[in-house]
Amino acid sequence: MGFSSLSLKHSTIIIGTFSSIISFIAMLLTATYSEHPHELIDMADPSLIPGHHALKVILIICASISGLQCLFSILIIFGAETNRPALLLPWLIYNPIFIAIYLIATIIGVVNHSDTDKAHFVFGHLVFSTIIAGLFAWKFSIVYRFFKHLRSLNF
């Protein structure tokens, strides 16, 4: 079972729905900020932010990644509804790669800012990234179990 009493199919659809909504919002925000990167620099510590051009490139890459996540999340909704396991594969391939990149970036960020006066920053990022990684692993296990179930039925 996925969510407490829901079937794997319904759990996969819920995961796809929430993931697509969150990805779409992230895509819109990063695309908007890529047009106006100075707003991010005004809100943050300027010493932590790269130059305008580098920040714009990073935001465009983030918007593209969010767009792919949105597309793949929509695919798992259709894959679950139509019992087509091939539509689950892009999401199942993309998400472990995404979480690995996320964890590597978090570790690099923590190492770069691991001064003694920033212990709260390091601890906060480690706790937050552990929670996020756990949620991703949980979502992945549900979708993967549904994928295996569909494959066992020869769909």
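The values are calculated or read from the model by the stated rules, or taken from the named source; none is laboratory data. Note that this is a predicted model, so its numbers are computed, not measured. Methodologically, a virtual Cβ is constructed for each residue, glycine included, from the backbone with ideal geometry; neighbour enumeration extends over all protein chains shown.
At a glance:
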item: Yes/no for Leu55 being surrounded by 17 or more Cβ atoms within 10 Å (Cβ to Cβ) and at pLDDT below 90; result: yes
item: Residues within region 28-50 that are at pLDDT 70 or above and in a loop (DSSP other than H, G, I, E, B), tallied; result: 2
item: Failed item, numbered, when Ile25 is tested on (1) surrounded by fewer than 16 Cβ atoms within 10 Å (Cβ to Cβ); (2) at pLDDT 80 or above; (3) touching a helix residue (DSSP H, G or I) at 6+ places or on another chain (Cβ under 8 Å); result: (3)
item: Residue among Phe155, Phe78 that alone is at pLDDT 95 or above and either loosely packed, with under 14 Cβ neighbours inside 10 Å or closer than 16 Å to Leu8 by Cβ (or both); result: Phe78
item: Positions within region 105-132 being aliphatic (A, V, I, L, M) and modelled with pLDDT under 90, in sequence order; result: Ala105, Ile107, Ile108, Val110, Val111, Ala119, Val122, Leu126, Val127
